[in-house]
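Just below is one structure, and these are the notes that go with it.
The values are calculated or read from the model by the stated rules, or taken from the named source; none is laboratory data. Please read all numbers here as calculations on a predicted model, not as lab measurements. Backbone-built Cβ (ideal geometry, glycine too); neighbour counts: all protein chains shown. SASA here: full protein model, heavy atoms, side chains in, ligands and nucleic acids out. Shrake-Rupley method; radii C 1.70, N 1.55, O 1.52, S 1.80 Å.
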Amino acid sequence: MATNRRKTNRVKKEETNWQERVIQIRRVSKVVKGGKKLSFRAIVVVGNERGQVGVGVGKASDVIGAVKKGVADGKKHLIDIPITKSNSIPHPVDGTGGGAKVIMRPAAPGTGVIAGGAVRTVLELAGVRNVLAKQLGSNNPLNNARAAINALTTLRTFSEVAEDRGIAVENLYI
């Protein structure tokens, strides 16, 4: 019986095909009574390239520990996003995070991910293949990643909008 459990655990780990990408590792220090205490802060994006993505931050005395904590934090803050058949987003959207603002627009198939820095990483790990994005304001990677997540959470499909309005999807364009 123990062997069956092991097999199912392996299958579950293979199904949840998570990818992790470190956006930034920064050495931070805290001034304490005895001097300065050094630690590392890691900003990590976690996604399965099928519509689920999350941003996490981890801090530890070593880099590996900080990245592990960042991955765990990212998996806690996962969001689901709708992706169209052309691997794009359903409609134009804006998002903010701290002093950063991000604008995203759907793009035709074959365009690719036209975005910079942290926003590009978030979109790639979310599974979006064709999108135009622009970062405005801050160039802080954490705030830009959070702005991208904020923008992606506000995405809605046409069927969701039609259901909210109480009309058929065909009548949505009239």
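Largest first and in whole Å, the equivalent-ellipsoid semi-axes of the stretch 81-161 read 20, 14, 9, each the square root of five times a Cα gyration tensor eigenvalue.
Convex hull volume per residue, computed on the Cα atoms of the chain, equals 179 Å³.
Ranking 58, 173, 34 by how far each Cα lies toward the positive end of the dipole of the chain (charges on Cβ) leaves 34 at the top. Looking at the chain alone, DSSP beta bridges between its own residues are antiparallel in about 95 percent of cases. When both the stretch 127-173 and the stretch 87-122 are represented by their alpha-carbon centers, they are found 9 Å apart. Against the chain, whose longest principal axis is taken from its Cα atoms, helix 2-15 shows a tilt of about 60°. Given the stretch 19-79 reduced to its alpha-carbon atoms as identical point scatterers, what log10 I(q)/I(0) does the Debye formula return at q = 0.20, 0.26 Å⁻¹? Computed log10 I(q)/I(0) values: -0.66, -0.92. Filter the trypsin sites (Lys or Arg not before Pro) in the stretch 54-144 to those in DSSP coil with at most 12 other Cβ atoms within 10 Å of their Cβ, and list the result. Passing both the DSSP loop test and the Cβ count: 85.
Helix 117-126 axis versus longest C-alpha principal axis of the chain: approximately 60°, rounded to the nearest ten.
In the chain, the longest principal axis of the Cα atoms and the axis of helix 141-153 are about 30 degrees apart. Scanning residues 5 or more positions from residue 99 or on other chains, none has an amide H under 5 Å from its amide H, with H placed 1.01 Å from N in the peptide plane. For the residues 78, 125, 38, a GNM of the chain with alpha-carbon springs under 10 Å puts the largest fluctuation on 38. Rg of the Cα atoms in the stretch 59-126, relative to 2.2 N^0.38 Å, amounts to 1.36. Couplings 3J(HN,Hα) of the stretch 27-41, computed from phi: 8, 10, 10, 10, 7, 10, 4, x, x, 10, 9, 8, 8, 10, 10 Hz, in residue order, whole Hz [Karplus 6.51 cos²θ - 1.76 cosθ + 1.60, θ = phi - 60°; x for Gly and Pro].
Of the beta bridges in the stretch 101-168, as assigned by DSSP with both residues counted there, near 75 percent are antiparallel. Taking each residue as 0.36 nm, the span from residue 30 to residue 154 lengthens on full extension beyond its C-alpha to C-alpha distance by 41.0 nm. Roughly how many debye, to the nearest 20, is the charge dipole of the stretch 31-84 about its Cα centre, given +1 on each Lys and Arg Cβ, -1 on each Asp and Glu Cβ, and no other charges? Computed about the Cα centre, the dipole is about 420 debye. How much of the accessible area of the chain, in percent, comes from carbon and sulfur atoms when a 1.4 Å probe is used? After summing per-atom areas, the C and S share lands at 51 percent. Mean-square fluctuations from a GNM of the chain, with a 10 angstrom spring cutoff on Cα atoms, peak among 50, 26, 156 at 26.
Our coupling estimate for the stretch 89-96, obtained by passing each phi through the Karplus curve with A = 6.51, B = -1.76, C = 1.60 and θ = phi - 60°, is 9, x, 7, x, 8, 10, x, 10 Hz, Gly and Pro reported as x. Here the stretch 96-142 yields Rg over Rh of 0.97, to two decimals, using C-alpha coordinates and the Kirkwood radius.
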